[in-house]
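Report on one structure; see the data block that follows.
The values are calculated or read from the model by the stated rules, or taken from the named source; none is laboratory data. This structure is a prediction, so every number in the text was calculated from the model and none was measured. Because the Cβ atoms are built from the backbone with ideal geometry, glycine has one as well, and the counts that use them run over all protein chains shown.
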Amino acid sequence: MADHPNDAPLEHLLRELAPQVLGAVARRFHDFAAAEDAVQEAMIAAFTQWPREGVPENPRGWLIQVACRRMTDQIRSDIARRDRETTVAAETETLTPLSEIEADMDPDDTLILLFMCCHPALTPSSAIALTLRAVGGLTTAEIANAFLVPEATMAQRISRAKQTIKTSGAPFRLPSSQERTGQLPAVLHVLYLIFSEGYSSSIGSRLQRFDLAREAIRLTRNAKTLLPDNAEIAGLLALMLLTDARRAARTGPDEEIIPLDKQDRSLWDRAEISEGIELLTAALAHGSVGLYQLQAAIAAVHDEAKQAEETDWPQILALYELLKQVSPGPMVTLNHAIAAAMVHGPAKGLELLRTLDSDPRVAGHYRLDAVRAHLLEKTGDHQAAIKHYRIAAARTTSIPERNYLMTQAARLAVD
Amino acid sequence: MKYILMMNGKKSDFEGYARWSKEALQANVAFMRTFSKELKDAGVFVSTEGLGWPSEAKVVRAGKDGEPITDGVFPESKEFLAGYWIIDVESPDQAYKIAARASQAPGAGGKAANMPIEVRPVLCGHADLGL
């Protein structure tokens, strides 16, 4: 028995083992949904027993055995419910030896799970919840806490997500290389959403909330190990690291937002920046440039500037122009407009924004007004800028954003 | 994204509610119970509370030394919050659909009252990444 003086290493160990155990059990019983519940119960059992009794010699084997026992119990009680007379027969069934289950394990199990949890039939919030539990090894309580909803609601969301997967009839196997290419964008998007949910959380609430940004980085790192030749996974990991590097500088002592050009760059995490740039450089050498690599490249240009004034805006503008071709969308156009304004002046940026006014995906979104206000301020039209800062403040659903935008309007109103 | 669905009413609405028939009350309670269960089963439920009636409402202001000064006289036109649900959904449209369902709660006559439900976003503590 190994010693574990505190919970942190235990949690890490369990989270690493969770998808392996789930893969083994799902493969054995051909039932992903039930296996996922059984593994969650085994994890909770480990959480309570291991700190008291010590970590078993073969922790993965222990979890597999406990989960398999739960599965067998469940099957027996199902049989008993259906036909009480067959209970005796079911009792005589023997458990498959652990060695046999472990021999069947496949290093790709985690990858299979990741593709399964990001199934296109799922809504983003259910895919996120299921990925965090099945692949991330988080407990339902931790996920519920991260999204500030009751545990029962999160449990229900996860159970519905599994039902959707079951109904879709997705088999427990690795998608073919062609299927993987088709499904990978959905997987990357889910990982990205987990990251942005965690990264954007304010510092105060992060103290109580599970660190989703770190979790997203861990999951993406694992995905990169499993698909080492995929440049977009590397690009996404680089994007996460290059963005996460600025976390400490992004909010002030009162949790107020500090925009990129006002951040104390000495607070940026150099190690994360170096790793991100290294990953990105290697990914770009692959040749096929995708949306995450481009966004990572833009983040890298920002990160490489020692001061905001040294930012290489022409390069950022060129990258946004590429991004607009690779992955057109209103948010890309918005950011492109900012870059264009930095290079060619605010009038050029405002001209680009006008193309979004009739786009229903973004027309009522606070970011359009916020960017417009920012560019109007640069043209010197303070009255119009104030108006749009205030419209943006009314439209955002974030308290720190609203405070920031109202402060911008107030600052101009004083002049 | 989280939304709050609010049921509001004037003092007279609450007084009328107190005089509903047994059947209308039962139909309303049964509906509310089912509605709550629907929210939970759909995995969107965050919280719900019902509030005391306007007769128990007080408006409190701080006096000179910070002591509470209460007032319970309200104009008839004032709307009072009767109760609310907070839900966590994928889109505003999903919130509106759920609000429309709440609006179908049976009223005094035992039939769908189509009462107005005020829907507003619940603000979150984080800013978006802007990517």
Over the range B:106-131, the set of residues under 30 Å from A:E255 (Cβ atoms) and more than 14 Å from every other protein chain (Cβ to nearest Cβ) is B:E118
Among helices (runs of 4 or more DSSP H) entirely inside the range B:1-105, those with 1 or more residues being surrounded by 15 or more Cβ atoms within 10 Å (Cβ to Cβ) and within 14 Å of another protein chain (Cβ to nearest Cβ) are B:22-41, B:92-103
All conditions in (1) modelled with pLDDT of 95 or more; (2) of a type outside the set (F, W, Y); (3) within 16 Å of the chain's Cα centre (by Cα) are true of B:V44 except (3)
Going through the range A:148-169 in order, the residues found to be assigned to a helix (DSSP H, G or I) and at the interface with chain B (Cβ under 7 Å from one of its Cβ atoms) are A:A152, A:T153, A:Q156, A:R157, A:R160
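Condition first: within 13 Å of chain B (Cβ to nearest Cβ), over 30 Å from B:V122 (Cα atoms) and buried (at least 16 other Cβ atoms within 10 Å of the Cβ). Can you find one or more residues in the range A:320-328 that meet it? Reasoning before the result, please.
Let us first name the residues in the range A:320-328 that are within 13 Å of chain B (Cβ to nearest Cβ), namely A:320, A:323, A:327.
This time we only want the ones that are over 30 Å from B:V122 (Cα atoms), so: A:320, A:323, A:327.
When the remaining residues are screened for being buried (at least 16 other Cβ atoms within 10 Å of the Cβ), the result is A:320, A:323.
For the range A:320-328, residues within 13 Å of chain B (Cβ to nearest Cβ), over 30 Å from B:V122 (Cα atoms) and buried (at least 16 other Cβ atoms within 10 Å of the Cβ): present.
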For the range B:106-128 the number of residues that are buried (at least 17 other Cβ atoms within 10 Å of the Cβ) and farther than 24 Å from A:P150 by Cα is 2
If we keep only residues of the range A:143-165 that are buried (at least 20 other Cβ atoms within 10 Å of the Cβ) and of a type in the set (D, E, K, R), then the residue nearest to the chain's Cα centre (by Cα) is A:R157
